[in-house]
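Reviewing the structure listed below.
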């Protein structure tokens, strides 16, 4: 189709406010709303991006769940219901939903998370108050204690280093 024979695209644009409207000190009146809202009619709220986003966020999980339920194959078996880790063979008997071999890692993570929060807030107070000899002494003692505790933990677990 040649370029000259294509129909022209026409957009409907809301009228611009006149100078007398601006003199009122009023904001734009509803008659000067957006052209899209005027064309939408009763579905005007679909043109507001935030409202559209909220609607999609509320509906999308349900739609995805229903679609997956409709198209997914459903052949339950004993092996499919067994506990497993990605890339590993299924475990015959899982007594708990939380494997105990990962428990020490959880404890270490919690301890380091608490230490990180304490270090962050102490750093903020040191930066606010300035560095004093007492502050340096307390930080040095805390560093020595943490290094000693770390070495004792390594010795207690049977590793030397």
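Each value in this text was obtained by applying a stated rule to the coordinates, not by laboratory testing. Only a predicted model underlies this, so the values are computations on that prediction, with no experimental measurement involved. So basically every Cβ, Gly included, is an ideal-geometry build from the backbone, and we count neighbours across all protein chains shown.
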When Rg is the radius of gyration of the Cα atoms in region 100-156 and Rh is its Kirkwood radius, what does Rg/Rh come to? 1.10
Using the basic label-point model (7 angstrom from Cα toward the beta carbon), what is the residue 53 to residue 126 distance in nanometres? 4.0 nm
Residue 152 and residue 79 label points (each 7 Å along its Cα→Cβ direction) are spaced in nm at 5.1 nm
Starting from 0.36 nm per residue, how many nanometres of slack lie between residue 60 and residue 72 once their C-alpha separation is accounted for? 2.6 nm
